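One structure is given here, and the rest of the page talks about it.
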Amino acid sequence: MTMVVKGKVGESIPRVDALDKVLGKARFAADLKMEGLLYMKVLRSDRPHARIKDIRTEKAEQMPGVVRIFTHKDIPGKNRTGIINKDHPVLADEKVRFIGDAIALAVAHTEKQAEQAIGEIRVEYEDLPPIFDPQEALRSATLIHEKGNLLYERDITKGDVEQGFAESDIVIQRTYLTSMVEHTYLEPDAGVAWIDDEGRITVCASTQNPHYDHHEIVTSLALDPSQVRSIQATTGGGFGSKLDVTVQCFLALAVYYLRRPVRLVYTREEAYLATAKRHPLIMKYRTGVHRDGRLMAMDIDILGDTGAYGSYGIAVAGRAAVHATGPYRVPNVLVRSRMAYTNHPFCGAMRGFGVPQVAFAHESQMDILAEELGMDPFEIRLLNAFDRGSETATGQILKESVGMRECLRRVRKQRDEMQKVSAIPGKLVGMGIGAMWYGIGNTGVKNPSSACAELDHEGRFTLYTGAADIGQGSSTVLSQIAASEMGIGIEDIRLIRGDTALTPDAGATSASRQTYISGNAVREATGNLRKSVLAEASRFLEIPPQELTMEDGLVKSMKDGEILTTLEEVTARSYSEGKQLRAEGFFDPPTTNLNPETGQGIPYATYAFACHVADVQVDPNTGEVDVLRVVAAHDVGKAVNPSNVVGQIASGVAMGTGFALMEEFVPGQTRSMRQYLIPTVKDVPVVIPIIVEDPEPTGPFGAKGVGEPALIPTAPAILNALAQALGERIYHLPASLERVLKACRREGSS
Amino acid sequence: MPVQKIRVRFRMNGQEHEQEIPSNITLLELIRDELGLTGTKEGCEIGECGACTVLLDGKPVYACLILAPKVDGREVITIEGIGEEGKLHPLQEAFLTHGAVQCGFCTPGMLLSAKALLDKNSHPSREEIEEAISGNLCRCTGYLQIVNAIEAIRSGEKE
Ligand code: FES
Ligand code: FES
């Protein structure tokens, strides 16, 4: 063991998996090669809504190099998947519900042969009327799914909203719209499957949740869980999209029959066509305020287009509802949040789960109210912002770690100290604020994580976690938590992650939950192990355990710091007596289910808070918007790795800038990266990150989370800055060139 | 129709290569499939993402857009060839210490674009750095720590 330990909580150490990545040695799924590898391609629907009358594969089967064609008839188990509601066929059986629905698989000796075989499969359809509008879907007699076109509704009622409006001096009502957004993780979905040494069907894929993949494979193949193994390959970003199964069940099905390794790598076009999008929401906000600036009432109606399948639609509707008020105290609230099926591509989880959308609405409302009241936009937010003891719309009292006001104050101070942006002739400038809150973990449901820590007979430490690191840094953060708890260096930690044969279930890499929830599980596992080690040492040394401590890989006396023995010695003696040193940890955040009618309850154990301020410059002749800088303050509880937190903040600002100004996925039109632009280095503003640490007592070392919060305030801040610059507000994201130009013309003519 | 084969000679990461290759494959396919060097990534196949960036005679190119026979008589450098044996290239080091790597899928292409810049301009401005990597998309980092890492080399900062 090293004497100077590095990598404790709070240190900006390099990521534990970055070395292989800079060397080009990290193996993503598409990089895996195997003896006798076969290749797969997927036939996808070219109809938005149709009954399948027949699928003819004879001709395709005769094509050169083809090993086998698969359709729904080959699926031995249940042909329905879905993380929350099971409505998504692995391969379409009765119907197709969107352009891109998977119908058949071809496996061949080369990718090209598989591709050619796909072209020879004939599907006979009977077209059904398609629906592309969620409002129409709720009225229509055409059913996309048998149980109806309404996927889910979440209502929240608090106080008496009409009374609240009656007591308001100003009431404003506006409607906000957002567009479908494509995650555009840089690595297209991919996976390889084979039979492992123990005869298990093994799927190694780009994923955010290997344990969930395992479950879907087991169900679709009707196997015993022990016959399937799911491994997370190095994953090139996910942002929510890789929470759904993509290639996993396809590959497992082929290996089930063929017993040979098979690979499937999506092209970018296929990833665009076939995977989840961000839900476009229609948000109607009515907000009432007292003349002194206090929020009195909010009546909010949210309707989302979840597309062809449920995916995370229910979670997005629920989370959007809970967060709809923004981080503010509102005594009277009425929220109705619904998701409707349409024949669009399905929408699922995307960084923020509906909160980036509602934040655009509630932050625009705040600025409109401030203007009506003649109040400073910081002041109206500070006046209403959550604080310790505040009650949320679901009736939860926020007890600890409520850094909202601190974020607002820090951003304001930073901004006051910086030079004002002055307009160059012909350009307009504006400054805008966006604030947000974000519940860590899933909404009002159990979402536990477990972990395991072990010392082998030579005193080597291994941490086992199912948590998928998709680039956000959980492997590093969890290792740092273990290092701190165990009193050893980061280089002494071996991490085994994301393999259902080896690691306990940590739940999904989503909802910004891995630092807080898996971090706690890791801390508990490591803490338990530490206790066992000290108990063992106490036995050998004949000193009571409470007088011992562990530091730098050494067991020391609590009293005077005297070195008494080493980890190696303790483990060697334990193992020589046949005693293993292994411990488990578990954490499930304390939440309650929301009341089905009133939505009252404790949906999350803790919340992250943030505030961004953006400076923009607009060219009124072209509609071009330049986001010059963003000051971004985030209350993360405790920054386990400050450099990682800064990385997440810069990442979120970039994605938020895309969401605000550029990104709109138009089904049927957006086919490739040529039609879908994400921010390049030239599109992103200068970012001034501010880390606020208001410790969360239930978090590991006080930590909460930052992955999704990073993105949420950016678009609202930019849109508020644009409103200031243009003197006209834009209610529809993205604020594209056309929408900005239109706003300029409106302003010019008024 | 059988694909025509063509014999090409080129230098790859400091080594001479001479081999028969199908005449219709891209440089990216040559690198990944024929030579088995998987450090170079494929993100779009149409010259939009920059994940496949390699150096051709010292200039950054999108390997997915170049036909493989074009390498005849030229020199190619991929991520596997930028450091010396057993030693990291200073850029690789800087990417590590500045937190410039998240998922890592853009990283190889990003490093090669940065190397091309530093090879011809050892003191680039922040704008020049941004220009040099403007053809490389990164969805994870927001670019901040990538630009910081490259800038740290320019100013000779050692960490
Ligand atoms: S793969 Fe070549 S530019 Fe995207
Ligand atoms: S680090 Fe993921 S795309 Fe750049």
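The values are calculated or read from the model by the stated rules, or taken from the named source; none is laboratory data. Worth saying up front: this structure is predicted, and the values here are computed from it rather than measured. All Cβ positions, glycine included, derive from the backbone under ideal geometry; neighbour counts span all protein chains shown. With ligands, DNA and RNA removed, areas are computed over all heavy atoms of the protein, side chains included. Shrake-Rupley method; radii C 1.70, N 1.55, O 1.52, S 1.80 Å.
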Which residue, chosen from B:Gly50, B:Val61, B:Thr26, occupies the Cα position most advanced towards the positive end of the dipole of region B:5-81, where the dipole is computed from +1 (Lys, Arg) and -1 (Asp, Glu) charges on Cβ about the Cα centre?
B:Val61
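From the alpha carbon gyration tensor of region B:90-154, can you work out the equivalent ellipsoid semi-axes (sqrt of 5 times each eigenvalue) and give them in Å, largest to smallest?
Numbers: eigenvalues 54, 30, 21 Å².
Equivalent ellipsoid semi-axes, largest first: 16, 12, 10 Å.
Report, in debye and to the nearest 20, how large the dipole of the protein assembly as shown comes out about its Cα centre when Lys and Arg carry +1 and Asp and Glu carry -1 on their Cβ.
The dipole magnitude comes to about 960 debye.
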Partner aspartates and glutamates for A:Lys242 [C-alpha distance under 13 Å; skip if fewer than 8 residues away on the same chain]
A:Glu182, A:Glu187, A:Asp189, A:Asp213, A:Asp469
Can you work out the PRE-style zone for A:Asp626? Point 7 Å along Cα to Cβ, and I want the residues of region A:408-448 with backbone N under 20 Å.
A:418-432
Mind giving me the nanometre distance, one decimal, between the label points for A:Asp46 and A:Gln135, set 7 Å out from Cα along Cα→Cβ?
3.3
Roughly speaking, to the nearest percent, how much of chain A's 1.4 Å accessible area is carbon and sulfur?
50
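Rounded to a whole number, what is D in µm²/s for region B:14-156 from Stokes-Einstein with the Kirkwood radius over alpha-carbon pairs (37 °C, 0.692 mPa s)?
On the way: Rh = 15.4 Å.
D, rounded to a whole number, is 214 µm²/s.
Nearest 20 debye, what's the magnitude of the dipole of region B:5-81 about its Cα centre given +1 on Lys and Arg Cβ and -1 on Asp and Glu Cβ? Walk me through the intermediate numbers first.
Numbers: 9 positive and 13 negative charges, 35 e Å.
With Lys and Arg at +1 and Asp and Glu at -1, about 160 debye.
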Accessible area that becomes buried as B packs against A, both chains, 1.4 Å probe, Å², nearest 100
3700
HN-Hα couplings for region B:20-31 via Karplus (6.51, -1.76, 1.60; θ = phi - 60°), in whole Hz with x for Gly/Pro, come out as 7, 9, x, 6, 9, 8, 8, 4, 4, 5, 4, 5
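In debye, nearest 20, what is the charge dipole magnitude of region B:77-159 about its Cα centre with +1 on Lys and Arg Cβ and -1 on Asp and Glu Cβ, if you could check?
Values: 7 positive and 12 negative charges, 24 e Å.
Its charge dipole is roughly 120 debye.
Can you pick out the pairs among A:Lys559/A:Lys579; A:Lys53/A:Lys147; A:Lys53/A:Lys78; A:Lys277/A:Lys399 whose Cα atoms lie more than 26 Å from each other? Could you put the intermediate results ahead of the total?
Values: A:Lys559/A:Lys579 28 Å; A:Lys53/A:Lys147 22 Å; A:Lys53/A:Lys78 20 Å; A:Lys277/A:Lys399 35 Å.
Pairs exceeding the cut-off: A:Lys559/A:Lys579; A:Lys277/A:Lys399.
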Leading residue at positive end of dipole, region B:90-154 (Cβ point charges), from B:Pro108, B:Tyr143, B:Pro124:
B:Pro108
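Please calculate how many Å² of accessible area chain A carries per residue, with a 1.4 Å probe and no DNA, RNA or ligand atoms counted.
Details: 25900 Å² over 750 residues.
So chain A comes to 35 Å² accessible per residue, rounded to a whole number.
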Want the number for A:Lys399 to A:Ile170: 0.36 nm per residue separation, take away the alpha-carbon distance, what's left?
79.4 nm
From Cα pairs below 8 angstrom and at least 6 apart in sequence, can you work out the relative contact order of region B:5-81, rounded to a whole percent?
39
Cα gyration tensor of region A:577-734 diagonalised, 5x eigenvalues square-rooted, in angstrom largest first, produces semi-axes 37, 20, 18
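How large is Rg/Rh for region A:678-750, to two decimals, with Cα atoms and a Kirkwood Rh? List each step's numbers first, then the result.
Values: Rg = 17.5 Å, Rh = 15.3 Å.
When Rh is taken as the Kirkwood radius, the ratio is 1.15.
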Have a look at A:Leu594, A:Ala359, A:Ile397 and report the one farthest towards the positive end of the charge dipole of chain A, computed about the Cα centre with Cβ charges (Lys/Arg +1, Asp/Glu -1).
A:Ala359
Give the cross-link partners of A:Lys59 among the lysines, using a straight C-alpha distance below 23 Å as the criterion and excluding same-chain residues fewer than 8 apart.
A:Lys41, A:Lys73, A:Lys95, A:Lys112
In chain A, which cysteines lack any other cysteine Cβ under 4.7 Å from their own?
A:Cys204, A:Cys249, A:Cys347, A:Cys452, A:Cys744
Relative contact order (percent, whole number), region A:634-750, Cα cutoff 8 Å, 6+ residue spacing:
39
Could you check the spin-label model distance between A:Arg388 and A:Glu458? Points 7 Å from the Cα along Cα→Cβ, value in nm.
4.9
Calculate the length of the line joining the C-alpha centroid of region A:306-382 to that of region A:541-573, in whole Å.
53
Difference of contour (0.36 nm per residue) and Cα-Cα distance, A:Lys86 to A:Val666
206.2 nm
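Calculate, in nm to one decimal, what A:Glu577 and A:Leu37 gain on full extension: separation in residues at 0.36 nm each, minus their alpha carbon distance.
On the way: separation 540, 0.36 × 540 = 194.40 nm, distance 4.65 nm.
So the extension gain works out to 189.7 nm.
Per the helix-only calculation at 222 nm, which mean residue ellipticity applies to chain A, given -39500 (n - 2.57) for every DSSP H run of n ≥ 4 and division by its residues, nearest 500 deg cm²/dmol? Numbers along the way, then the final one.
Values: 18 runs with 204 residues, N = 750.
After summing the helix terms and dividing by the residues of chain A, the value is -8500 deg cm²/dmol.
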Could you sort the residues of region B:103-120 by number and keep only those whose accessible area is reduced by 30 Å² or more in the all-protein-chain setting relative to the chain alone, 1.4 Å probe?
B:Cys103, B:Phe105
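Using Cα pairs under 8 angstrom and six or more residues apart, how large is the relative contact order of region A:554-603, in percent? Please report the intermediate quantities before stating the final value.
Working: 34 pairs, mean separation 8.9, N = 50.
It comes to 18 percent, rounded to a whole number.
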Just the number, please: percent antiparallel of the DSSP beta bridges in chain A, rounded to the nearest 5.
75
1/(1 + (r/R0)^6) with r = Cβ-Cβ of A:Ser422 and A:Leu19, R0 = 35 Å, i.e. FRET efficiency to nearest 0.05, evaluates to 0.20
Report the dimensions of chain A along its three principal axes from the alpha-carbon atoms, largest first, rounded to Å.
85, 79, 51
Counting only protein heavy atoms and using a 1.4 Å probe, what share of the accessible area of region B:5-81 belongs to carbon plus sulfur, as a whole percent?
44
Could you tell me the center-to-center distance, by alpha carbons, between region A:493-510 and region A:177-200 in angstrom?
17
What would the Debye formula give as log10 I(q)/I(0) at q = 0.26 Å⁻¹ for the alpha-carbon point model of region B:5-81, no solvent?
-1.36
Excluding same-chain residues fewer than 8 positions from B:Lys70, which aspartates and glutamates have a Cα within less than 16 Å of its Cα?
B:Glu16, B:Glu18, B:Glu20, B:Glu29, B:Glu34, B:Asp57
Using only Cα atoms, locate the centre of region A:454-487 and the centre of region A:1-54, then give the distance between them in Å, rounded to an integer.
19
Under the Karplus relation 6.51 cos²θ - 1.76 cosθ + 1.60, θ = phi - 60°, what is the ordered set of whole-Hz ³J(HN,Hα) values for region A:396-407, x standing for Gly and Pro?
7, 8, 7, 9, 9, 6, 10, x, 4, 5, 4, 4
